[in-house]
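Chemist: Below is the structure I would like to discuss, written out as structure tokens.
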Amino acid sequence: MGKGGVKIMEELIRTLAVTITNETKLCGSIAATASKAGPRMHNAGYEALGLNFVYMAFGVNDVKGSMMGMKALKIRGLAVSMPHKQEVMKYLDEIDPTASRIGAVNTVVNDDGKLKGYNSDWIGAVTALEERIKLKGKKIILIGAGGAARAIAYGLVHSEAQVFIYNRTADKAERIASDFGITFGGSLEDLTKVTDYDVLVNATSIGSGGAVGLSIVPEAQLLRGKLVMDIVFYPFKTKLLEIAEKAGCETIPGYRMLIHQALFQFEAFTGRKAPFDVMETTLKQALSA
Ligand code: ATR
């Protein structure tokens, strides 16, 4: 190793010695695939506030073992992502009533060995929307009927919006409509007949993974001047957002929901107000890379 390399190693060791001690609190995330953006965003926030916390992403499928490990290793908090948000509920000591109603937990806090589950996805979605529009009384088209759609449906009802839900598998949307008292719109074919709304939300996975480059609705249905939000955050600009912009819509990219749900987690884990600017900039950089 050259002189430069030694210097870098020394600097690294000094930094680690300062930041990681026997007092350091460990937080992190569990998901089938370890998150890349989460550690960067949360660790940037800890660093900005000088907190002796560290955040790691675990790509795991053993949810029960993860919760046992969380207790045994005194891990302070875990974000829970796909596909563990329902299963994790079985292994908690307490579940916040809102998370119970939604039927999914995306945040687990360990208070002296007692694990409590929360759902901050609905907060993320509502905050991202309310930054741009007052939801009360607005007509919202919600597409999708998975866990994310359930959390968003809850949040929209909480904000007193008028919600119409559509999904490829229509009976799943019908179930959410009846659970939350919103209007069942129908299948994706029924969706093509929609001619009027204030806000359209894609809560399906179309636009990500194997469906990158696809949009859940055609351009013709994207109405000039209306607001379109995609919950897909990678790629940063999905096909839906691209064609919505072309059609003259206002758009909200998926990272907006992601940052707002993460702020809740940061605050639940550390008890400190999250440094929004630092975390937002870091998240955007991580997703755009
Ligand atoms: P999450 O918990 O993130 O919401 P999920 O429960 O797997 O994930 O839900 C994924 C959503 O994307 C569902 O609404 C799903 O539609 P189905 O209920 O019909 O499965 C939707 N989705 C996934 N692939 C789709 C596709 N190729 N076309 C239309 N919708 C799709």
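The values are calculated or read from the model by the stated rules, or taken from the named source; none is laboratory data. Fair warning: this is a prediction, and the values are worked out from it, not measured in the lab. A quick note on method: Cβ atoms are made from the backbone with ideal geometry, for glycine too, and the neighbour counts reach across all protein chains shown.
Chemist: Any idea which residue in the range 83-103 is nearest to the ligand (Cβ to nearest atom), counting only those that are crowded, with 22+ Cβ neighbours inside 10 Å and not in a loop (DSSP other than H, G, I, E, B)?
Modeler: Ile102
Chemist: Restricting to the range 230-260, what's the tally of residues that are touching a strand residue (DSSP E or B) at 6+ places or on another chain (Cβ under 9 Å), assigned to a helix (DSSP H, G or I) and either of a type in the set (Gly, Ala, Ser) or buried (at least 22 other Cβ atoms within 10 Å of the Cβ) (or both)?
Modeler: Matching residues across the range 230-260 total 5.
Chemist: A further question on this structure: Being free of Cβ contacts under 8 Å to residues at least 60 places away in the same chain and within 16 Å of the ligand (Cβ to nearest atom) is the filter; apply it to the range 104-124 and report the residue that is farthest from Leu135 (Cα to Cα).
Modeler: Gly117
Chemist: Taking Val80 as the residue in question, decide whether it is modelled with pLDDT of 95 or more, aliphatic (A, V, I, L, M), over 13 Å from Ala268 (Cβ atoms) and within 16 Å of the ligand (Cβ to nearest atom).
Modeler: Against the criterion (modelled with pLDDT of 95 or more, aliphatic (A, V, I, L, M), over 13 Å from Ala268 (Cβ atoms) and within 16 Å of the ligand (Cβ to nearest atom)), Val80 does not qualify.
Chemist: If you don't mind, another one. Taking only pairs six or more apart or across chains, which ones have beta-carbon atoms under 7 Å, a first residue in the range 271-283 that is surrounded by fewer than 13 Cβ atoms within 10 Å (Cβ to Cβ), and a second residue that is modelled with pLDDT of 95 or more and part of a helix (DSSP H, G or I)?
Modeler: Lys273/Glu267
Chemist: Output the residue which, of all residues in the range 143-164 that are of a type in the set (A, V, I, L, M, F, W, C) and more than 10 Å from the ligand (Cβ to nearest atom), is surrounded by the fewest Cβ atoms within 10 Å (Cβ to Cβ).
Modeler: It comes out as Val157.
Chemist: Within the range 166-182, which residues are near the ligand (Cβ under 10 Å from one of its atoms), under 22 Å from the mean Cα position of the chain (by Cα) and not in a loop (DSSP other than H, G, I, E, B)?
Modeler: Tyr166, Lys172, Ala173, Ile176
Chemist: Quickly run through the range 183-214 and pick out the residues that are in contact (Cβ under 8 Å) with a residue 40 or more places away in the chain, away from the ligand (no atom under 11 Å from the Cβ) and either closer than 17 Å to Glu242 by Cα or out of contact with any Lys or Arg (no Cβ under 8 Å at 6 or more places or on another chain) (or both).
Modeler: Gly185, Val194, Val199, Leu200, Val201
Chemist: Name, by its number, the condition in (1) buried (at least 19 other Cβ atoms within 10 Å of the Cβ); (2) not in a helix (DSSP H, G or I) that does not hold for Gly124.
Modeler: Evaluating Gly124 over (1) buried (at least 19 other Cβ atoms within 10 Å of the Cβ); (2) not in a helix (DSSP H, G or I) leaves (2) as the failure.
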